[in-house]
Amino acid sequence: MLWRFRKELIFLILLFFSFIIEKRTLNIRKNKSLPQIKNQYFFNYDEIIEENKRLREILNLKEKKIISKFNVAEVIGISPYIFPGEIIINKGIKDGIKKNMIAVTKDLFLIGKVEEIMDNYSKIISIFNKKTRISVIVSSTKEIGIIEGGYAPFVLLKYIPYDSKIKIGDDIYTSGFSEYYFYGIKIGKVYKIERNRDSLFLKIWVKPYVSSLGFKEVIICE
Amino acid sequence: MNRKIFIFLEEILVVSIFQYILYNFLNFKIIPSFFLIYLLLLSFEGYTELSLFLSFFLGILNDFFSKGVLGISSIRYLLIVYFSSFFVVKSIKEKSIFIFIFSFLYFVFSNLEKKVEFIWSGKILLKYAILFSFYNFLITIIIATFAKEIKKRWEEKYF
């Protein structure tokens with residue numbers, strides 16, 4: 001009797017086995033992909049969105065031809081942790097980074113310049129570093145001075161004459177009279193002006209823009 | 001008996017190699033299914049039980065080649081071969097036409113699963129199903145016309 005339905009029997013048995021194999025394979029695949037799904041919950045989506053935003057803004061700089069030739073690098077180390085004097089980035093000689101290139105934020109605020117380069121990473125000395133000396137210009141009076149690091153959280157603006165009409169809140173940007181820094185990179189705002197009668201110059205404390213901005217990507221340009 | 005087994009194994013090997021080549025070395029959107037053609041031809045020739053058994057194993061092999069879910073092709077092959085076994089087909093012309101019809105059904109059936117969620121629109125599905133069936137149809141004609149002759153020569157040579 002059964003022999004007459006052997007075709008059906010074979011068909012049903014094999015179909016049953018096929019279903020079992022399919023189910024098992026699907027379960028194995030599901031379990032394999034589960035850790036990845038779990039990990040997704042640990043992602044900081046806000047951070048990813050923010051990063052995306054920042055990178056888009058950097059891309060806009062190129063599209064608007066504000067800066068044409070640049071490299072975007074990720075900050076992989078800072079020292080000290082607040083108002084860093086040295087910043088390590090993940091790009092080096094292999095990526096076309098050269099010594100004395102300028103590092104700016106996506107908003108084109110000055111961070112510093114490349115001091116040391118390795119194959120795959122570079123060291124930037126920031127405006128907070130005590131080695132930093134930059135020729136700058138005051139936005140309102142167009143007077144030229146020198147910015148000096150080593151006074152975090154501020155930088156010191158030197159050689160502005162005693163009788164200058166500089167006022168608190170004035171913008172300070174690079175003068176262009178420098179070998180490395182081109183004209184017009186914003187550095188910060190005048191925070192405090194000290195007048196010392198014994199000196200011919202004012203002692204001006206400038207609050208850099210970068211001090212209040214956490215930067216994770218830097219733009220390296222010439 | 002041993003001779004027949006040897007011939008079947010040889011055929012399976014050739015079909016598998018062809019299918020493997022199609023999956024791995026050709027970058028076509030739709031590729032013909034040598035496995036399906038072979039199974040249907042076996043079924044039409046009256047080897048229904050063998051065809052059902054091979055549907056299971058070649059289905060697994062097909063999923064392995066195509067990196068799909070193991071077992072899913074077996075289910076499809078088994079269903080198609082089972083239904084095809086009710087038809088008695090003798091001539092090359094009939095075989096080709098039936099393979100065209102069953103290939104069409106196989107393709108539509110494969111792409112109307114729940115998991116695919118009808119991602120294929122009706123028109124595209126129809127287009128590719130016809131293309132797939134046409135490929136299989138052509139291959140069947142080639143196999144049916146030339147393979148028999150080759151098979152005969154092989155048999156004469158080796159046995």
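The values are calculated or read from the model by the stated rules, or taken from the named source; none is laboratory data. Note that the structure is a prediction, hence the values are computed from the model and not measured. Neighbour counts are summed over all protein chains in view; Cβ atoms, including those assigned to glycine, are modelled from backbone coordinates with ideal geometry.
Give the range B:35-71 a look and list any residue that's of a type in the set (S, T, Y) and at the interface with chain A (Cβ under 8 Å from one of its Cβ atoms), or say none.
Taking the range B:35-71 as the starting set, the residues that turn out to be of a type in the set (S, T, Y) are B:38, B:43, B:47-48, B:51, B:55, B:66.
Across the range B:35-71, the qualifying residues are B:T48, B:S55.
Could you identify the single residue in B:K95, B:K90 that is buried (at least 21 other Cβ atoms within 10 Å of the Cβ) and of a type in the set (D, E, K, R)? Explain how you work it out, then say what you get.
Values: B:K90 fails: buried (at least 21 other Cβ atoms within 10 Å of the Cβ).
Among B:K95, B:K90, only B:K95 is buried (at least 21 other Cβ atoms within 10 Å of the Cβ) and of a type in the set (D, E, K, R).
Could you please find all residues in the range B:47-57 being part of a helix (DSSP H, G or I) and not β-branched (V, I, T)? Steps first, please.
Let us first name the residues in the range B:47-57 that are part of a helix (DSSP H, G or I), namely B:48-57.
If the condition is that a residue be part of a helix (DSSP H, G or I) and not β-branched (V, I, T), then B:E49, B:L50, B:S51, B:L52, B:F53, B:L54, B:S55, B:F56, B:F57 are the ones that fit.
If we scan the range A:147-161, do we find a residue that is touching a residue at least 12 places away in the same chain (Cβ under 8 Å), closer than 23 Å to A:F83 by Cβ and assigned to a loop (DSSP other than H, G, I, E, B)?
yes
For the range B:5-46, give me the residue count where each residue is touching a residue at least 60 places away in the same chain (Cβ under 8 Å) and either in contact with a strand residue (DSSP E or B) (Cβ under 7 Å, 6 or more places away or on another chain) or in a loop (DSSP other than H, G, I, E, B) (or both).
Summing the residues that are touching a residue at least 60 places away in the same chain (Cβ under 8 Å) and either in contact with a strand residue (DSSP E or B) (Cβ under 7 Å, 6 or more places away or on another chain) or in a loop (DSSP other than H, G, I, E, B) (or both) in the range B:5-46 gives 5.
With respect to A:V114, is the statement that it is over 26 Å from A:K192 (Cβ atoms), surrounded by 15 or more Cβ atoms within 10 Å (Cβ to Cβ), at pLDDT 90 or above and within 17 Å of the chain's Cα centre (by Cα) true?
Working: over 26 Å from A:K192 (Cβ atoms): yes; surrounded by 15 or more Cβ atoms within 10 Å (Cβ to Cβ): yes; at pLDDT 90 or above: yes; within 17 Å of the chain's Cα centre (by Cα): yes.
For A:V114, the condition - over 26 Å from A:K192 (Cβ atoms), surrounded by 15 or more Cβ atoms within 10 Å (Cβ to Cβ), at pLDDT 90 or above and within 17 Å of the chain's Cα centre (by Cα) - is met.
Output the number of the condition that B:Y82 fails; it satisfies all remaining conditions of (1) out of contact with any Ser or Thr (no Cβ under 7 Å at 6 or more places or on another chain); (2) more than 14 Å from A:K7 (Cα to Cα); (3) of a type outside the set (A, V, I, L, M, F, W, C); (4) surrounded by fewer than 24 Cβ atoms within 10 Å (Cβ to Cβ).
Against the list (1) out of contact with any Ser or Thr (no Cβ under 7 Å at 6 or more places or on another chain); (2) more than 14 Å from A:K7 (Cα to Cα); (3) of a type outside the set (A, V, I, L, M, F, W, C); (4) surrounded by fewer than 24 Cβ atoms within 10 Å (Cβ to Cβ), B:Y82 comes up short only on (2).
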